[in-house]
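Below is one structure, written out as structure tokens; comments come after it.
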Amino acid sequence: MRVYFTSRFTYVMAITAICIIASCKSKVQTAQNNDGSYVFSAADTMIDIKAVHSRIDSYIATNRLDDAASFINVNLRRFSGKDKAALLTSRGLAYYLKDDLDHSIADYLAAYEIDPQNPTYVMNVANTYTELNSKANALLFANKVMELTTASDSDRAAAKVVIDKLSNNDATH
């Protein structure tokens, strides 16, 4: 990434802001152009996932759900694997809290695809399918939680609540 600045002051302020906001850890290369402007290159920037999650959590805690989703969108391309799955889950939560269940389930399923052994991701899918009145899918994912070797007793208890709720709905209809 290359950014151009017209003065040393704006350059220093921008670098400071970037490092504070994104918790960057990189070698920032700088140079002064012939026209007197400054340029920096931060291609090697490593963003700290904990700092990203901290900012997302603060957005969600203050009900700034659109800000959370936008911030996650910017950061999704920077991470892969389990870190990306965690970001997708956070964005899914933001959508869920906005009552945008279609986008929420898409993100929860994407996180599940990346890490199908994570019981939280599987349970998020089951709960959202329950909210979407997709009983067969909700039961499928709740039962997957019960089968996971990585699931804790509390994970299994939450899955059992979904299974029992959906089974009781059948008995009353």
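Bear in mind these aren't lab numbers, they're just calculated from the coordinates by the rules spelled out. These numbers were taken from a predicted model, which means no experiment stands behind them. Methodologically, a virtual Cβ is constructed for each residue, glycine included, from the backbone with ideal geometry; neighbour enumeration extends over all protein chains shown.
Summary of values
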quantity: Gain in span if fully extended, Lys98 to Asn143, counting 0.36 nm per residue against the direct Cα distance; calculated: 13.5 nm
quantity: Overall Cα dimensions of the stretch 55-173 - principal axes, largest extent first, Å; calculated: 45, 30, 20
quantity: FRET efficiency for Lys82 and Asn168, using Cβ-Cβ distance with R0 set to 35 Å, rounded to 0.05; calculated: 0.50
quantity: Overall form of the stretch 110-173 per C-alpha gyration tensor (a/c, 1.5; a/b vs b/c); calculated: oblate
quantity: Unsatisfied cross-links (Cα-Cα over 26 Å) in the set Lys84/Lys144; Lys50/Lys98; Lys98/Lys135; Lys144/Lys165; Lys50/Lys144; calculated: Lys50/Lys144
